[in-house]
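K.L.:
Please find one structure pasted underneath; my questions will follow.
Taken together, the values in this text are just the output of simple stated rules run on the coordinates, not laboratory data. The structure displayed is predicted, hence computed values, not measured ones. For neighbour counting, all protein chains shown are included, and Cβ atoms are generated from backbone atoms with ideal geometry for every residue, glycine included.
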Amino acid sequence: MPIYKTRLKGRQKVATGTMAFRFEKPAGFAFKAGQFADYTLINPVETDAEGNTRGFSLASAPYENNLMFATRMRDTAFKRVLRSMELGTEITLDAPYGSFTLHNNSRIPAVFLTGGIGVTPVRSIILQARHDNLPHKIFLFNSNRRPEDAPFLDELIEAQEKNSNYAFIGTMTETQHSAKNWDGETGYINKAMLEKYVGDLTLPIFYLTGPASLVTAMRKTLNDAGVDDDNIRTEEFSGY
């Protein structure tokens, strides 16, 4: 893959403890919705044993003018530098990588089962599908503790207004600790919840993305429901 140079254009909080970072899109750079990139800091003011390179899903859709990723803000040298570096700071970009992309056969529904920061590649896919007017039936199940912890929550809910083939099903597991009202689903994603919205679970292709514990639990739920492993695709997020 070619190595690109890009500059930080902006950053914003998108959930509790989670920030999104926007970068210039280098000339000639192209990618598919759902892919990821390796970002490398250039001569950072500090470093640690984890090094100066991290891989992040491209949360931006290919049609958007900027590149964006979002991450939980752990206390590491890499993320401390990200949080404080000046706008316009240059970094390198090694991309695109990955095959966590929407399947081509539009007659087969796509069901995304996500948790926490794992929703970032799905944001790219959902927005690009709307932009391209894809006929795929898409379901996004998104599990978080509280609405405050859910990156891009409002945007993913509102995307339904512009794509009648897309359904967002958010579920929260700790609403008792939330300061926001929530009238969606509660509890963990399970077979009954999936069947309520999807119906026959043997028909779609499932995309599991999030912490390894979520991916493992969702795969077991699907296997127990009779879903073939050939219809399950995964992307695990570790360490954030």
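K.L.:
Based on DSSP, what percent of beta bridges with both residues in the chain are antiparallel, to the nearest 5?
P.N.:
Roughly 50 percent of the DSSP beta bridges within the chain come out antiparallel.
K.L.:
Which translational diffusion coefficient, to the nearest whole µm²/s, is obtained for segment 3-97 from the Stokes-Einstein equation, given a Kirkwood hydrodynamic radius over C-alpha pairs, 37 °C and 0.692 mPa s?
P.N.:
Working: Rh = 13.4 Å.
Calculated translational D: 245 µm²/s.
K.L.:
Right, here's the next one. Suppose a student asked you for the relative contact order of the chain, using Cα pairs under 8 Å spaced at least 6 residues apart; what percent would you report?
P.N.:
19 percent
K.L.:
Sticking with this structure for a sec: Rounded to the nearest 0.05, what FRET efficiency do Ile3 and His103 give with R0 = 41 Å and r taken as the Cβ-Cβ distance? Could you check?
P.N.:
Working: r = 30 Å, r/R0 = 0.73.
E(calc), rounded to 0.05, equals 0.85.
K.L.:
Right, another one. Using only Cα atoms, locate the centre of segment 125-164 and the centre of segment 208-240, then give the distance between them in Å, rounded to an integer.
P.N.:
Between the Cα centres of segment 125-164 and segment 208-240 lies a distance of 19 Å.
K.L.:
If I take all pairs of Cα atoms in segment 119-165, what percentage of them are more than 12 Å from each other?
P.N.:
62 percent
K.L.:
I would also like to ask the following. Ignoring everything except DSSP H segments at least 4 long, calculate the 222 nm mean residue ellipticity for the chain; use -39,500 (n - 2.57) per segment, divide by total residues, nearest 500. Let's see the in-between values first.
P.N.:
Details: 5 runs with 47 residues, N = 240.
Helices in the chain give a 222 nm mean residue ellipticity of -5500 deg cm²/dmol.
K.L.:
Now, a different point. Defining a contact as two alpha carbons under 8 Å apart and six or more residues distant in sequence, what relative contact order in percent does segment 131-240 show? Present the calculation step by step, with values, prior to reporting the outcome.
P.N.:
Numbers: 137 pairs, mean separation 23.6, N = 110.
Here the relative contact order equals 21 percent.
K.L.:
How large are Rg and Dmax for segment 110-237 when only the alpha carbon atoms are used, in Å?
P.N.:
Computed over the Cα atoms of segment 110-237, radius of gyration and Dmax are 13.8, 41 Å.
K.L.:
Right, here's the next one. Note the full-extension length gain between Glu174 and Asp94 as 0.36 nm times their separation in residues minus their Cα-Cα distance, in nm to one decimal.
P.N.:
25.0 nm
K.L.:
Pop the C-beta distance of Glu148 and Asp38 into the FRET formula with R0 = 30 Å and round what comes out to the nearest 0.05.
P.N.:
Plugging the Cβ-Cβ distance into 1/(1 + (r/R0)^6) gives 0.50.
K.L.:
Right, here's the next one. What distance in nm separates the two pseudo spin-label positions at Ser238 and Val45, each 7 Å out from Cα along the beta-carbon direction?
P.N.:
3.2 nm
K.L.:
So how strong a dipole does the chain carry about its Cα centre when Lys and Arg Cβ are +1 and Asp and Glu Cβ are -1, to the nearest 20 debye?
P.N.:
Dipole about the Cα centre, nearest 20: 380 debye.
K.L.:
Could you name the lysines in cross-link range of Lys25, using Cα to Cα under 19 Å and dropping any fewer than eight places away on the same chain?
P.N.:
Lys5, Lys9
K.L.:
Moving to a separate point now. Would you work out the charge dipole size for segment 19-87 about its Cα centre, treating the Cβ of every Lys and Arg as +1 and the Cβ of every Asp and Glu as -1, and quote it to the nearest 20 debye?
P.N.:
Charge dipole, segment 19-87, about its Cα centre: 220 debye, nearest 20.
K.L.:
With r as the distance between the Cβ atoms of Thr186 and Leu87 and R0 = 41 Å, compute the FRET efficiency 1/(1 + (r/R0)^6) and round to 0.05.
P.N.:
0.55
K.L.:
In debye to the nearest 20, how big a dipole does segment 110-237 give about its Cα centre with +1 on each Lys and Arg Cβ and -1 on each Asp and Glu Cβ?
P.N.:
40 debye
K.L.:
While we're here: Rounding to the nearest 10 and keeping the result within 0 to 90°, find how far the Cα-based axis of helix 120-131 lies from the longest principal axis of the chain.
P.N.:
The answer is roughly 70 degrees.
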